[in-house]
Amino acid sequence: MSYEIIEKLKKEIEGFKEKSEWESVGRVTEAGDGIVKLVGLKNALSQELLTIETDEGPRRAIALNLEEETVGALLLDEAEAVKTGDTVKGTGEVLSIEVGPALVGRVIDPLGAPLDGKGPIFSAKGGSASGGKESESVRYLLENKAPGVLEREPVDTPLHTGITAIDSMIPIGRGQRELIIGDRQTGKTAIALDAILNQKKDGSRKTPICIYVAIGQKEAKIARIVSLLEEKGAMKYTVVVSASGSSPASAWYLAPFAGCAVGEYFRDRGQDALVVYDDLSKHAWGYRQVSLLLRRPPGREAYPGDIFYLHSRLLERAARLSKEKGGGSLTALPIIETQLGDISAYIPTNVISITDGQIFLESPLFHQGIRPAVNVGLSVSRVGSAAQTKAMKKAVSGLKLTLSQFRELQAFVQFASDVDEATRAKIRRGQIITEALKQDDQQPISFEKQVVLLYAALKNTFDALPVEKVRAAKDSFLDMVEKLHEEDILKPIRESNDIKPEIEERIKKVMENFKESAQA
């Protein structure tokens, strides 16, 4: 009898397969402050996308804390509708963003939804909503593995920012990670935006796709930046990822990873990309908030222990890929805000140790009218002259040393009443070069014009002029070179990336003529 029952049961359950989604169901035990605690979901993945069924419709969350009995998740949608007892289902998908050429020129949130009122970016079937050649779209994980050592190539191609002081002394290469650091209101965002605007002018090379990631910025500021990029024609090659100050901490935390995934899409297809993270201080604040709400143990300044890993796994994804991998590059310009110029604080030192150099902007220089307010002594590019053209290397010989000596002497002589002639000459030289390097926002200078200007400034072209007239003289000198010598000086430098002997002779003649006219 018992044998028959066993056989019957075997027939009943024959062919039955346990469905995985039955295991991937849980329920909410706690909800509040954008965080939910769940039970169940024993097969949940780290950063898996979860769906919470609420009375007002489904809400999305991302699994972050995988504990023995519970799962801690971060809500991606409005938190008000989620309550204790709601059913949660795992999707089996790790958080990703839909990327493709159609993103260029658009403003999106960290999950890829459009924010610019121009309609959907991709169709429901995948691909561009407008169809056409740019219809390709794929999903990229927000957290991707960084390329390995064997997949990378040395950084040796310049990415010109259009800012003479940076391109000459702190050069940035394609595939580099260069930190922009300084107090509030010292021009950090202005440098990053100039770098984006200059890619349109840098005509000798392919224009990189630029991604501007706004983290915790005022919506009015983001709107101004977008309108500036549109006005200057830069939105044709730019994507803006916006997580404004009114967005929840989850958006602040995810925004840089979304921007990086967009950049990786273009990098992996052999193109160059530039991503600006503005700024990672607020990113760290958002992550700290999320971590404390998830009850992760706080460490120094209440940041969680993995705050260094958070930024390192983001910035390590910037790279120049080998030819076998397509030869594309992703350049990162992270921005960090300091308090009272304290470059040795926790988050600034973390990011300095991850990046390949930093551009340090100082408040005192900014208030003296020196723009960009770059501290030459504390700013460095660890790629250095490898990311400069031959023409730039020839033009800037001795520039950084001259300026460093000038800043040291300037600090010293303000306490001394009597200064010898040699010291006075060095200070005057430094003042003239400082004036020549001053530059207004949104006026990037093309690489070849920078070369001619620096060559002229370091060969004493402006030395006979009063210091206060150097800047006006510099502008008229560049204007003259652009109007009269485009074909015989600027074009050959742009095409060859070098100052050939015959071009050098032409520049010297132009300098002599300019000196005579300035004296007259």
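The values are calculated or read from the model by the stated rules, or taken from the named source; none is laboratory data. Everything numeric in this text was worked out from a predicted model, so none of it was measured. Don't worry about glycine lacking a Cβ; one is built from the backbone with ideal geometry, like all the others, and counts go over all protein chains shown. These area figures cover heavy atoms from the full protein model, side chains too; ligands, DNA and RNA do not enter into them. Shrake-Rupley method; radii C 1.70, N 1.55, O 1.52, S 1.80 Å.
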Sole exception among (1) over 18 Å from T189 (Cβ atoms); (2) part of a loop (DSSP other than H, G, I, E, B); (3) among the charged types (D, E, K, R); (4) in contact (Cβ under 8 Å) with a residue 60 or more places away in the chain for K400, by number: (2)
Region 73-96 - residue that is aliphatic (A, V, I, L, M), outside any loop (DSSP other than H, G, I, E, B) and buried (at least 21 other Cβ atoms within 10 Å of the Cβ) and, of those, farthest from the chain's Cα centre (by Cα): V88
Scope region 291-327; condition in contact (Cβ under 8 Å) with a residue 24 or more places away in the chain, out of contact with any Pro (no Cβ under 9 Å at 6 or more places or on another chain), closer than 24 Å to L75 by Cα and not in a loop (DSSP other than H, G, I, E, B); matching residues: L293, I307, F308, R313
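Residues checked against (1) assigned to a strand (DSSP E or B); (2) open to solvent by less than 10 Å² (accessible area, probe 1.4 Å); (3) under 27 Å from P304 (Cα atoms); (4) modelled with pLDDT of 90 or more:
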position: E98; (1), (2), (3), (4): yes, no, no, yes
position: L111; (1), (2), (3), (4): no, no, yes, yes
position: K118; (1), (2), (3), (4): no, no, no, yes
position: E136; (1), (2), (3), (4): no, no, no, no
Listing of helices (runs of 4 or more DSSP H) fully contained in region 181-281 that carry 1 or more residues being aromatic (F, W, Y) and either within 26 Å of G326 (Cβ to Cβ) or touching a His at 6+ places or on another chain (Cβ under 8 Å) (or both): 249-267
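For region 353-366, state whether one or more residues are assigned to a loop (DSSP other than H, G, I, E, B), more than 26 Å from D498 (Cβ to Cβ) and not polar (S, T, N, Q). Please lay out each step first, then the result.
Within region 353-366, the first condition is being assigned to a loop (DSSP other than H, G, I, E, B), and the residues that meet it are 355-356, 362.
With the extra rule that they be more than 26 Å from D498 (Cβ to Cβ), the set shrinks to 355, 362.
Those still in the list that are not polar (S, T, N, Q) too: 362.
Yes: one or more hits.
Of the residues A243, A220, A192, A165, which is over 15 Å from the mean Cα position of the chain (by Cα), crowded, with 17+ Cβ neighbours inside 10 Å and of a type in the set (G, A, S)? Break it down into steps so the answer makes sense when it comes.
Working: A243 fails: over 15 Å from the mean Cα position of the chain (by Cα); A220 fails: crowded, with 17+ Cβ neighbours inside 10 Å; A192 fails: over 15 Å from the mean Cα position of the chain (by Cα).
Being over 15 Å from the mean Cα position of the chain (by Cα), crowded, with 17+ Cβ neighbours inside 10 Å and of a type in the set (G, A, S) holds for just one of A243, A220, A192, A165, which is A165.
Among the candidates D463, D441, D420, which residue alone is more than 20 Å from A391 (Cβ to Cβ) and under 33 Å from the mean Cα position of the chain (by Cα)?
Being more than 20 Å from A391 (Cβ to Cβ) and under 33 Å from the mean Cα position of the chain (by Cα) holds for just one of D463, D441, D420, which is D441.
Within region 403-419, can you find the residues that are of a type outside the set (G, A, S) and outside any helix (DSSP H, G or I)? Don't jump to the end; show me each part of the working.
We begin by selecting, within region 403-419, every residue of a type outside the set (G, A, S); these are 403, 405-410, 412-415, 418-419.
The answer is Q414, F415, D418, V419.
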Considering residues of region 176-189 that are open to solvent by less than 10 Å² (accessible area, probe 1.4 Å) and over 13 Å from D279 (Cβ atoms) only, the residue nearest to the chain's Cα centre (by Cα): E178
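So which residues in region 159-180 are of a type in the set (D, E, K, R) and part of a helix (DSSP H, G or I), if there are any at all? Before you say what the answer is, go through the steps one by one.
First pass over region 159-180, keeping only residues of a type in the set (D, E, K, R): 167, 174, 177-178.
D167, the sole residue that qualifies.
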Meets criteria (within 18 Å of Q176 (Cα to Cα) and open to solvent by 30 Å² or more (accessible area, probe 1.4 Å)) for V351: no
Flag for A251 being of a type in the set (A, V, I, L, M), in contact with a Pro (Cβ under 9 Å, 6 or more places away or on another chain) and more than 30 Å from P158 (Cα to Cα): yes
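Residue-wise test of (1) within 16 Å of the chain's Cα centre (by Cα); (2) of a type in the set (F, W, Y); (3) crowded, with 22+ Cβ neighbours inside 10 Å.
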site: Y253; (1), (2), (3): yes, yes, yes
site: A261; (1), (2), (3): yes, no, yes
site: Q271; (1), (2), (3): no, no, no
site: L280; (1), (2), (3): yes, no, yes
site: L292; (1), (2), (3): no, no, no
site: A319; (1), (2), (3): yes, no, yes
site: G341; (1), (2), (3): no, no, no
site: Q358; (1), (2), (3): yes, no, yes
site: L361; (1), (2), (3): no, no, yes
Test: residue in region 10-30 that is closer than 20 Å to A249 by Cα, part of a strand (DSSP E or B) and within 31 Å of the chain's Cα centre (by Cα): no
Whichever residue in region 379-407 is out of contact with any helix residue (DSSP H, G or I) (no Cβ under 8 Å at 6 or more places or on another chain) and farther than 16 Å from I172 by Cα and, among such residues, is most open to solvent (accessible area, probe 1.4 Å): L401
All positions within region 36-51 that are open to solvent by 40 Å² or more (accessible area, probe 1.4 Å) and in contact with a Leu (Cβ under 7 Å, 6 or more places away or on another chain): S46
